[in-house]
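S.K.: One structure follows; several queries about it will come next.
Read-outs: derived from the displayed coordinates by stated rules, not from any lab. Not measured: the values here are computed from a predicted model. Because the Cβ atoms are built from the backbone with ideal geometry, glycine has one as well, and the counts that use them run over all protein chains shown.
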Amino acid sequence: MRRFSGTARSIKILPLVAFSAAAVASGWTTPSTSLPAQPDSLKFAVIGDNGTGRRPQYDVARQMALARQAFPFELVLMVGDNFYGSQKPGDLIAKFDEPYRPLLDAGVEFRAALGNHDEPVTVHYKPLGMNGQRYYTFAKANVRFVVLDTNFVDATQLGWFDQTLKAAQEEWKICYFHHPIYGNAGRHGGNVELRVLLEPILTRYGVQVVFAGHDHVYERLKFQKGIQHFVTGSSGQLRRGDLEPSDSTAAAFDEDQAFLLVEIDGAEMFFEAISRTGTRVDSGQLRRGPSLTWFAPGEEARHATSHADASHD
Amino acid sequence: MRHHTLTHRTIDASVLTPHAQTRRERLPRLTHFALEYLLALPAGALIALVWANVAGESYFRFAHSLSFVVNDVAMVFFFALVTKEIVEAAAPGGVLHPWQRVVLPAVAAAGATLVPPLIYLAYIQTVDAPMFVRGWTVTLGCDLALGYFVMRAIYGRHPAVPFYLLLAIAANGVGFLVLPPDDPGRTVAFVIAIGLMAAAFAVVAALRRARLKSLWPYVIAGGGLSWSALYWGGYHPALALAPIVPFLPHAARDRGFFVDATPDATDTLSRLELWCRHPAQIALFLFGLVNGGVVLRGLETGLWALPLATLAGRPLGIAAATLIALRAGMHLPAHVGWRDLLVIGLVAGIGFTMALFFATSVLAPGQVLSETKMGALVSVAGIGLAFLAARVLHVGRFTA
């Protein structure tokens with residue numbers, strides 16, 4: 001993380017202090033995270049379908065900055081649709097740099113996937129951390145992240161995906177991309193064709209968690225073939241009331257914009273979904289083992305799941 | 001004309017009422033290939049559409065397991081037959097003979113190929129779907145056989161029909177020329193591909209010079225080398241026989257577009273047709289089955305890009321280019337007027353088979369391909385629009 005001198009840090013923090021005061025005055029709650037926030041854990045946020053440049057995106061971005069006071073995440077995963085509409089240089093600033101300025105100034109790293117509304121050329125926009133690649137991989141602590149471009153899943157990308165996961169030595173394997181392969185939103189839902197292409201590789205190499213967006217809601221699925229899927233496509237856009245929960249839905253929120261906070265500490269993964277106004281709308285804990293295990297907040301294991309077709313409440 | 005076409009075989013003309021006779025005369029006398037083509041691909045696509053929406057996972061597993069065999073191998077037979085029709089059309093008596101006949105339709109085709117991509121690109125910018133940009137070549141796909149049937153159904157034997165054919169052939173030709181290789185960075189493979197294609201041409205030229213009439217040396221040696229060249233070069237190997245077919249010895253005169261070869265035909269090109277007919281029909285059915293499945297839930301505005309571009313862009317492009325051609329001193333074919341050009345444009349807007357083919361060639365599986373394939377299916381609406389336009393404008397069979 002970038003370090004600031006005392007004066008510089010004060011200058012950087014001033015807008016956040018001012019925003020905090022305004023937020024409290026407008027009835028927002030500062031997110032009081034229950035995440036452990038262990039010193040050596042990997043902490044990150046997940047956002048998706050955010051790049052509108054409109055007020056809700058800015059609200060979520062401010063809420064993220066507030067959350068970071070208690071939960072100092074160093075990484076933001078973006079599951080695509082990083083920009084909507086015009087994507088000229090000035091638009092990129094208005095739809096990315098400005099809303100996330102406090103996070104960028106604090107040295108938070110962003111790592112984006114491409115959505116269907118993103119201009120392909122945005123892979124070269126440095127703050128998105130894509131390094132000119134439409135699919136790529138990186139590792140943090142004991143986690144291997146694999147980022148895909150689900151707009152075009154060609155044979156080359158599939159081969160790369162297979163080889164990358166095969167070579168991954170990290171304990172946690174997390175994939176993220178734009179189009180969900182499972183989901184219960186009315187507009188799109190899970191993309192069956194992508195599921196047929198990607199799921200065999202995800203299960204073959206023991207991927208534990210998948211983040212996607214595209215549907216403008218928050219949804220956590222029950223384990224599908226032993227994998228925890230999240231849809232986090234409401235960090236700017238929102239399709240209110242679009243969710244049609246089914247037996248595969250574990251938790252859902254489509255009343256307001258939201259983002260996700262995640263902490264990975266050894267074999268444990270903790271997560272919380274926070275709304276635009278700072279309300280916690282979902283939380284839980286996963287334990288990595290021979291198979292993934294789900295815990296409700298503050299509880300011991302409720303379901304020891306098998307690797308195939310496991311589910312939890 | 002072959003004596004056992006469906007209508008000739010089953011209906012004795014003497015028992016028809018005058019009205020029925022007139023109506024029958026206006027219907028195109030189609031080859032078995034063309035008639036069954038009209039059924040094979042839509043049947044496959046319809047089954048695929050239902051299957052994908054009822055049991056998606058099993059459909060896509062099936063479709064992906066067969067896509068290479070169908071799209072890159074079996075479709076070789078279909079494109080061999082289409083190329084055969086074009087080669088014959090360039091012979092005396094064909095619509096492409098002499099070449100001076102094609103000048104104005106070629107100019108119209110330029111408009112028909114330029115305007116749809118512009119509309120396509122403008123539309124996807126308007127609806128904020130930038131990932132669709134690479135699908136612009138799909139707008140060049142023009143369903144030649146289906147369009148021919150529609151034109152014959154509207155016009156019977158009328159100069160508008162060859163005008164349409166020339167235009168559709170040109171649009172598809174441009175589409176094939178601009179299809180990008182799937183991995184343009186493979187320089188070594190590209191050099192090998194050029195070598196293989198040169199070898200293919202050398203072999204078939206030698207066979208032709210030796211006046212060899214047997215089909216198989218052309219298909220196996222020339223076609224095999226050509227398929228390998230296209231495959232290694234990153235181009236679509238389904239076109240493998242397209243550069244080979246022009247070398248096949250053929251009859252001196254064209255018998256007509258999509259007119260069956262007689263079973264006793266001895267020229268090599270006709271033998272190709274007789275041999276390819278059934279494999280091509282099976283290939284078309286499977287092509288529809290493997291590529292026509294789209295899950296209807298979740299489709300977005302991108303699916304309208306293709307039908308809008310072709311159904312609006314073709315008539316506009318044809319009209320604009322024809323206007324320029326007329327200003328430059330060219331003349332429309334006799335009996336072809338502006339109202340006919342609108343109908344021709346709408347028929348040429350039917351992408352269907354060729355749009356599906358181009359889509360699977362330039363787009364990898366994913367949301368963009370799904371929506372583009374659906375757009376290809378929607379472009380069949382051009383049939384209804386063309387009939388409606390013909391009726392409103394009183395052209396073809398609707399002439400007052």
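S.K.: How many partner chain Cβ atoms sit within 10 Å of a residue's Cβ in peptide A:184-192, on average, as a whole number?
M.R.: On the way: counts 0, 1, 2, 4, 6, 3, 4, 9, 13.
Per-residue shielding by partner chains comes out at 5.
S.K.: Return the FRET efficiency for the residue pair A:Ser291, B:Val54: r is the Cβ-Cβ distance, R0 is 41 Å, and the value is rounded to the nearest 0.05.
M.R.: It comes out at approximately 0.85.
S.K.: Where the convex hull is taken over the Cα atoms of the range B:111-253, what is its projected area averaged over directions, in nm²?
M.R.: 11.5
S.K.: On to the next question. Taking each residue of A:193-201 in turn, how many C-beta atoms of other protein chains fall within 10 Å of its C-beta, and what is the average?
M.R.: 5
S.K.: Ok, one more. Place a label point 7 angstrom from the Cα of A:Ser86 along the Cα-to-Cβ direction, then list the residues of the range B:126-147 whose backbone nitrogen is under 15 Å away.
M.R.: B:126-128
S.K.: Continuing with this model, one more query. Kindly state, to the nearest 0.05, the FRET efficiency for A:Ala167 paired with B:Ala205, given R0 = 51 Å and r defined as their beta-carbon distance.
M.R.: On the way: r = 49 Å, r/R0 = 0.96.
The formula returns an efficiency of 0.55 here.
S.K.: More than 20 angstrom separation, counting every C-alpha pair in the range B:260-400; what % is that?
M.R.: 62
S.K.: Let me ask something additional. Using the Karplus equation 6.51 cos²θ - 1.76 cosθ + 1.60 (θ = phi - 60°), what ³J(HN,Hα) coupling, rounded to whole Hz, does each residue of the range B:112-121 give in order, writing x for Gly and Pro?
M.R.: Working through the residues one at a time gives 5, 9, 7, 6, x, x, 5, 5, 4, 5 Hz.
S.K.: Students often get this wrong, so check it: of A:Lys140/A:Lys166; A:Lys88/B:Lys373; A:Lys173/A:Lys225; A:Lys140/A:Lys222; A:Lys140/A:Lys173; A:Lys43/A:Lys173, which have C-alpha atoms separated by over 19 Å? Working shown, then result.
M.R.: Numbers: A:Lys140/A:Lys166 17 Å; A:Lys88/B:Lys373 30 Å; A:Lys173/A:Lys225 15 Å; A:Lys140/A:Lys222 26 Å; A:Lys140/A:Lys173 11 Å; A:Lys43/A:Lys173 15 Å.
Cα-Cα > 19 Å for A:Lys88/B:Lys373; A:Lys140/A:Lys222; rest within.
S.K.: Follow-up. Which whole-number percent of Cα pairs in the range A:29-128 have a distance greater than 18 Å? Walk me through the numbers on the way to the answer.
M.R.: Values: 2192 of 4950 pairs.
In whole percent, the share of Cα-Cα pairs in the range A:29-128 beyond 18 Å is 44.
S.K.: Kindly state, to the nearest 0.05, the FRET efficiency for B:Val127 paired with B:Leu212, given R0 = 45 Å and r defined as their beta-carbon distance.
M.R.: Numbers: r = 55 Å, r/R0 = 1.22.
Computed FRET efficiency for B:Val127 and B:Leu212 comes out at 0.25.
S.K.: Let me have the relative contact order for the range A:175-216, percent, based on Cα pairs under 8 Å that are six or more residues apart.
M.R.: Answer for the range A:175-216 is 55 percent.
S.K.: What does the average come to when, for each residue of peptide B:357-367, you count the partner chain Cβ atoms lying within 10 Å of its Cβ?
M.R.: Values: counts 0, 0, 0, 0, 0, 1, 3, 10, 12, 16, 13.
Counting Cβ atoms of other protein chains within 10 Å of each residue's Cβ and averaging gives 5.
S.K.: Which residues in the range B:288-321 have a backbone N closer than 15 Å to a point placed 7 Å from the Cα of A:Thr203 along the Cα-to-Cβ line?
M.R.: Hits in the range B:288-321 for A:Thr203 at 15 Å: none.
S.K.: Full extension from B:Ala320 to B:Ala189: what is 0.36 nm times the residue separation minus their Cα-Cα distance, to one decimal in nm?
M.R.: Computed gain between B:Ala320 and B:Ala189 is 43.0 nm.
S.K.: Then there's this: Find the centroid of the Cα atoms in the range B:317-382 and in the range B:56-90, then give the distance between the two in whole Å.
M.R.: Using only Cα atoms to place each centre, the spacing works out to 21 Å.
S.K.: Under a Cβ-Cβ cut-off of 10 Å, what is the net charge of the residues other than B:Ala390 that fall near it, where Lys and Arg count +1 and Asp and Glu count -1?
M.R.: +2
S.K.: Distance from the Cα centre of the range B:168-244 to that of the range A:223-280, in angstrom?
M.R.: Each part's Cα centre sits 52 Å from the other's.
S.K.: While we're looking at this one, here's another question. I'd like to know how the range A:177-242 sits against the 2.2 N^0.38 Å rule of thumb: what's its Cα Rg over that expected value?
M.R.: The value comes to 1.06.
S.K.: Still on this structure, please answer the following. In a Debye calculation with equal point scatterers on the alpha-carbon sites of the range A:116-179 and no solvent, what is log10 I(q)/I(0) at q = 0.14, 0.20, 0.22 Å⁻¹?
M.R.: -0.42, -0.83, -0.98
S.K.: Which lysines does B:Lys213 reach when only Cα atoms under 18 Å apart count, and residues fewer than 8 places away in its own chain are ignored?
M.R.: B:Lys84
S.K.: Could you order peptides B:236-243, A:228-235 by the average number of other Cβ atoms within 10 Å of their residues, highest first?
M.R.: Ranking, from highest mean packing down: A:228-235, B:236-243.
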